[in-house]
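Notes follow the structure.
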Amino acid sequence: MSENRNYGDSCSCSVIHEDIVNKAREIMPQEETLYDLAELFKVFGDTTRIKIICALFESEMCVCDIAALLCMNQSAISHQLRVLKQARLVKYRKDGKIVYYSLDDDHIKQIFDLGLIHIKE
């Protein structure tokens, strides 16, 4: 038996609502900005990086501390920190031979919190 489903993903009219299309076009960011935004969200697409960000909410941490917390080797943590640093999500400071990582700014926590709120709805 064939099941008839209407997913509402197509429009049966052929009229373009130019006023709506033009308004959307006006507020659409530039292509390069949209690309950069997509790249930022890709960085959030890895569980290990999310765990690192979450850990850094509490305090700045060195690679050894993060590795111990996540039960991973330092090399793997360093790789993920490099990705986070390139995306300007974390920053670092040196204290002698120790390098401490922290969140780059308060926006990171806001992005994280909004995502968390969204998935808990």
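Just so you know, all these numbers are worked out from the coordinates, no wet-lab data involved. Please read these numbers as outputs of a predicted model, since none were measured by experiment. No Cβ is skipped: glycine too gets one built from the backbone with ideal geometry, and neighbour counts run over all protein chains shown.
Remarks
- Trypsin sites (Lys or Arg not before Pro) within segment 40-112, DSSP loop, no more than 15 other Cβ atoms inside 10 Å: ARG88, LYS97
- At an R0 of 35 angstrom, the distance between the Cβ atoms of LEU34 and MET72 translates into a FRET efficiency of 0.60.
- Between helix 74-86 and the chain: long-axis angle, C-alpha atoms, 0 to 90°, nearest 10: 50 degrees
- Cut-off 12 Å between beta-carbons: net charge of the residues surrounding GLU39, Lys and Arg +1, Asp and Glu -1: 0
- Entries in LYS51/LYS85; LYS42/LYS109; LYS42/LYS94 that, when Cα-Cα distance is taken, lie over 18 Å: LYS42/LYS94
- For the pair CYS64 and LYS85, a Förster radius of 25 Å applied to the C-beta separation gives a FRET efficiency near 0.90, rounded to the nearest 0.05.
- Here ASP9, ASP65 are placed in order of increasing Cβ neighbour count within 10 Å, fewest first, which gives ASP9, ASP65.
- Label selected from (1) 0.96; (2) 1.15; (3) 1.19, the criterion being Rg/Rh (Cα atoms, Kirkwood Rh) as computed here: (3)
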